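> Let me give you the structure first, and then I'll get to my questions.
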Amino acid sequence: MKLIKHISILLIVLSTSLLSAQVKFETKVSKKKLGINERLRVDFQMNKDGDNFNPPNFDNFTVVGGPNQSVSTSWINGKKTFQKTYSYFLAPKKRGNFSIKQATISVDGQVYKTSPITITVTKAVDKPKNGNNAEYLATENIHLVAEVSNSNPYLNEAITVIYKLYVSPNTGVSNWREIDSPKFDDFWSQNIDIKGLKILNGTYKGEDYRYVVLRKSVLYPQKTGKLDIEPLSLDITVDVPTKRRDIFGGRLMTQVHRTVSAGNRTINVKPLPEEGKPLDFTGAVGEFQFRLMTSKTELNATESLQAKVEVSGKGNLKLFELPKLNVPSSLEVYEPEHKESVRTNLKGMQGSISDSYTIVPQYRGKYPIPSISFSYFDLKTESYKRISSEETVIDVQEGPSHGNSDNNTTASNTSKQPVLLNNDQFAFVKTNANLVPKKNTHFFKSTAFWSSLLAPFLAIPLAIIYRRKKAERDADVVGNRLRKADRLAKRYLGEAKRALGQKEAFYVALEKALHNYLKAKLNIETSDLSKDRIRTLLSERQVQSSTITEFDNILESCELARYTPITSVTMQQDYDKAAQTINLIDRQIR
């Protein structure tokens, strides 16, 4: 019995020592679901001291506090308990499901790892109202506001978005950083430069605040209906007063991190009225002046003059086409040189755009340049207006006459004149032809005879070789897909390649080619060609995400290039990217 008792005690001691020797290393979080405006605490706990602690990379989070280290030791019923903790405080950068990855530590020469934990970040949530809570005070005293000048504009009417950061008088801001920029999809946009941030006084919801203007943007809606302006979001370090005071009686401040967002804004864009819309209307919206000017009206043949078609004023100057100049066929006209002298401020685009034509007359005479007109939508009267130029006459004074006759003179003598015969009237006929008799040759046994006889026999081995090569080519599935993709790219991009060097024509043709390719490949209509729809369909057809992103970038380049200066080198690069992307999509699509 004594022996059994001793064995039992020994087993208990051994099991206790084994349990105490077991290392426990784990991750604990304050919550697994939080709003983007909340903070997350992450603790890495271990029951035995170790070395070389390595935290994970906190992707999609910003470390706003930590690491803080704490150690505790206690004795319970004669058993020693040890706990060491590394703590971090994290702020999410965006919404979504994210993983807190593994941390590692070395204990007695052996490496231990924690298990990953998934965290869900949702939209901003309401926080409890607590006047003594620093985060609540920061929430109540810091506001980011997007002020929109007009939430119900017409298509292509300028609106402004001004982002202001309001701060209450008893709160301070140490610094901030942008974590989410606003996206102006379906708008032509331009940011207005702000030279230095000025602190101004104002009111927010009837209370006194200080504020700074962080960003100004001018937008021209390119679609009708409800368009969303995604919010600007900032991570701000806020100085919040506490109830504690220093030795001089001044209130002590504490710093907290606060994520503020301007909120999503919806713009309801009205279509331009159909009633009274001119047939030649190209989308000009604003208040404009129009004129046609020529550098001279009198010149000689083969000399040149400049004809300038100009629109000036304020409105969407970069977003419509100028009327074309029509001249008589006897005047040689070169492609116009387009110039833009446009500045953009909070009132929108102002300045002028023009097309300058070089005209060279070939014959003398008087040539009228017909009147041309320009139509636009006037926002003040909410109606269409038309401006027409005056007819201009070009007087070409010296040069060859048109059609070997003087246009300004007529024959004065209509009497018949006798015809005088020349004795040498048949001098052009050869009287000595020097004809040589032709040898009589037979087709039989000639070179042509033997060639036509042997050609079918020689063609047999060539046909066999051709069929073998064709069979090998048909069996090359990968190669056939590559060749087919190259042919598709060349076919769809042919028109764009012919327009290289002409910015407008090139990017219109390139965008049309990309859309036609998608319609043929995905079997969809033009009305379904939205970016989200394209991404969804290509993903379903197993096209790689990097290829889809590259395709989106090319479409975006087509949209932006119409409004920005582009060189021939850039056009060639965009063409090469488009051909390569079509090639990749055709290889990957299933």
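> Please find, within the stretch 357-371, the residue that is farthest from residue 302 (Cα to Cα) out of those that are part of a loop (DSSP other than H, G, I, E, B) and touching a strand residue (DSSP E or B) at 6+ places or on another chain (Cβ under 8 Å). So that I can check it myself, show each step before the final result.
Here is the first cut: in the stretch 357-371, the ones part of a loop (DSSP other than H, G, I, E, B) are 362-364, 370-371.
Still in the running and touching a strand residue (DSSP E or B) at 6+ places or on another chain (Cβ under 8 Å): 362-364, 371.
Working: 362: 6, 363: 8, 364: 10, 371: 24 Å.
Looking at residues that are part of a loop (DSSP other than H, G, I, E, B) and touching a strand residue (DSSP E or B) at 6+ places or on another chain (Cβ under 8 Å), I get 371.
> Consider residue 550 against the criteria (1) modelled with pLDDT under 80; (2) open to solvent by 50 Å² or more (accessible area, probe 1.4 Å); (3) within 15 Å of the chain's Cα centre (by Cα): it satisfies all of them except one. Which criterion is unmet?
For residue 550, the exception is condition (1).
> Which condition from (1) touching a Pro at 6+ places or on another chain (Cβ under 9 Å); (2) at pLDDT below 90 is the one that residue 138 breaks?
Going through the list (1) touching a Pro at 6+ places or on another chain (Cβ under 9 Å); (2) at pLDDT below 90, residue 138 breaks only (1).
> Something else about it: Of the residues that sit in the stretch 208-244 and are under 18 Å from residue 169 (Cα atoms) and open to solvent by 40 Å² or more (accessible area, probe 1.4 Å), which one is modelled with the highest pLDDT? Show your work before the answer.
Step one: of the stretch 208-244, the residues under 18 Å from residue 169 (Cα atoms) are 208-213, 236-243.
Now restrict to residues that are open to solvent by 40 Å² or more (accessible area, probe 1.4 Å): 208, 210, 243.
Working: 208: 87, 210: 91, 243: 63.
Restricting to residues being under 18 Å from residue 169 (Cα atoms) and open to solvent by 40 Å² or more (accessible area, probe 1.4 Å), the top hit is 210.
> Does residue 263 qualify as being open to solvent by less than 70 Å² (accessible area, probe 1.4 Å), farther than 30 Å from residue 384 by Cα and part of a loop (DSSP other than H, G, I, E, B)?
Details: open to solvent by less than 70 Å² (accessible area, probe 1.4 Å): yes; farther than 30 Å from residue 384 by Cα: yes; part of a loop (DSSP other than H, G, I, E, B): yes.
Considered against the rule, which asks whether it is open to solvent by less than 70 Å² (accessible area, probe 1.4 Å), farther than 30 Å from residue 384 by Cα and part of a loop (DSSP other than H, G, I, E, B), residue 263 comes out as yes.
> Quick check on this structure: which one of 127, 94, 183 is open to solvent by less than 80 Å² (accessible area, probe 1.4 Å), charged (D, E, K, R) and either part of a loop (DSSP other than H, G, I, E, B) or at pLDDT 90 or above (or both)?
Values: 94 fails: open to solvent by less than 80 Å² (accessible area, probe 1.4 Å); 183 fails: open to solvent by less than 80 Å² (accessible area, probe 1.4 Å).
Residue meeting the stated conditions: 127.
> Tell me which residues, restricted to the stretch 46-62, are over 17 Å from residue 28 (Cβ atoms) and either in contact with a Gly (Cβ under 6 Å, 6 or more places away or on another chain) or open to solvent by 60 Å² or more (accessible area, probe 1.4 Å) (or both).
Scanning the stretch 46-62 gives 49, 51, 52, 54, 57, 59.
> Of the residues 484, 497, 490, 512, which single one is within 21 Å of residue 568 (Cβ to Cβ) and modelled with pLDDT under 75? Spell out the reasoning first.
Values: 484 fails: within 21 Å of residue 568 (Cβ to Cβ); 497 fails: modelled with pLDDT under 75; 512 fails: modelled with pLDDT under 75.
Exactly one of 484, 497, 490, 512 is within 21 Å of residue 568 (Cβ to Cβ) and modelled with pLDDT under 75, namely 490.
> For residues that are free of Cβ contacts under 8 Å to residues at least 60 places away in the same chain and among the acidic types (Asp, Glu), scanning just the stretch 274-305, find the one that is least open to solvent (accessible area, probe 1.4 Å).
Residue satisfying both the conditions and the ranking: 303.
> Here is a further query. Tally the residues that are touching a Lys or Arg at 6+ places or on another chain (Cβ under 8 Å) and open to solvent by 10 Å² or more (accessible area, probe 1.4 Å), restricting the search to the stretch 339-353. First the steps, then the outcome.
Of all residues in the stretch 339-353, those touching a Lys or Arg at 6+ places or on another chain (Cβ under 8 Å) come to 340, 342, 346-351, 353.
After this cut, where a residue has to be open to solvent by 10 Å² or more (accessible area, probe 1.4 Å) as well, the list is 340, 342, 346-347, 350-351.
Result for the stretch 339-353: 6.
> For the list (1) closer than 26 Å to residue 304 by Cβ; (2) open to solvent by 50 Å² or more (accessible area, probe 1.4 Å); (3) in contact with a Pro (Cβ under 9 Å, 6 or more places away or on another chain), I need the number of the one condition that residue 366 fails.
Condition (3) is where residue 366 drops out.
> Hey, can you tell me all the residues within the stretch 163-177 that are in a strand (DSSP E or B) and open to solvent by 80 Å² or more (accessible area, probe 1.4 Å)?
If we filter the stretch 163-177 for residues that are in a strand (DSSP E or B), which is where we start, we get 163-167, 172-177.
Of everything in the stretch 163-177, those that are in a strand (DSSP E or B) and open to solvent by 80 Å² or more (accessible area, probe 1.4 Å) turn out to be 175, 176, 177.
> Look through the stretch 20-45, keep the residues that are among the acidic types (Asp, Glu) and outside any loop (DSSP other than H, G, I, E, B), and return whichever of them is most open to solvent (accessible area, probe 1.4 Å). Spell out how you get there, then give the answer.
Let us first name the residues in the stretch 20-45 that are among the acidic types (Asp, Glu), namely 26, 38, 43.
Now restrict to residues that are outside any loop (DSSP other than H, G, I, E, B): 26, 43.
On the way: 26: 59, 43: 23 Å².
Ranking the qualifying residues of the stretch 20-45, first place goes to 26.
> State all residues of the stretch 73-120 that are of a type in the set (Phe, Trp, Tyr) and within 11 Å of residue 44 (Cβ to Cβ); if no residue qualifies, say none. It would help to see each step written out before you state the result.
If we filter the stretch 73-120 for residues that are of a type in the set (Phe, Trp, Tyr), which is where we start, we get 75, 82, 86, 88-89, 98, 112.
Matches in the stretch 73-120: 86, 88, 112.
> Give the stretch 214-232 a look and list any residue that's closer than 23 Å to residue 255 by Cα and out of contact with any Pro (no Cβ under 9 Å at 6 or more places or on another chain), or say none. Even if it seems obvious, please write down each step before you answer.
Looking only at the stretch 214-232, we keep the residues that are closer than 23 Å to residue 255 by Cα, and these are 214, 232.
Answer for the stretch 214-232, where residues must be closer than 23 Å to residue 255 by Cα and out of contact with any Pro (no Cβ under 9 Å at 6 or more places or on another chain): just 214.
> Can you say whether residue 111 is aliphatic (A, V, I, L, M) and more than 14 Å from residue 23 (Cα to Cα), as far as the supplied structure shows? Reasoning before the result, please.
On the way: aliphatic (A, V, I, L, M): yes; more than 14 Å from residue 23 (Cα to Cα): no.
So residue 111 fails the test.
> Name the residues in the stretch 311-327 that are more than 21 Å from residue 158 (Cα to Cα), surrounded by 15 or more Cβ atoms within 10 Å (Cβ to Cβ) and not aliphatic (A, V, I, L, M), would you? Even if it seems obvious, please write down each step before you answer.
So in the stretch 311-327, the residues more than 21 Å from residue 158 (Cα to Cα) come out as 323-327.
Those still in the list that are surrounded by 15 or more Cβ atoms within 10 Å (Cβ to Cβ) too: 323, 325, 327.
Listed by number, the list holds a single entry, 323.
> Among the residues of the stretch 71-82, is there at least one that is part of a strand (DSSP E or B), open to solvent by 50 Å² or more (accessible area, probe 1.4 Å), modelled with pLDDT of 85 or more and not acidic (Asp, Glu)?
No - not one qualifying residue is present in the stretch 71-82.
The values are calculated or read from the model by the stated rules, or taken from the named source; none is laboratory data. Note that the coordinates shown come from a computational prediction; the quantities given were computed from them, not determined experimentally. Cβ coordinates were reconstructed from backbone atoms using ideal geometry, including for glycine residues, and neighbour counts include every protein chain displayed. Surface accessibility is based on the protein's heavy atoms, side chains included, excluding ligands, DNA and RNA. Shrake-Rupley method; radii C 1.70, N 1.55, O 1.52, S 1.80 Å.
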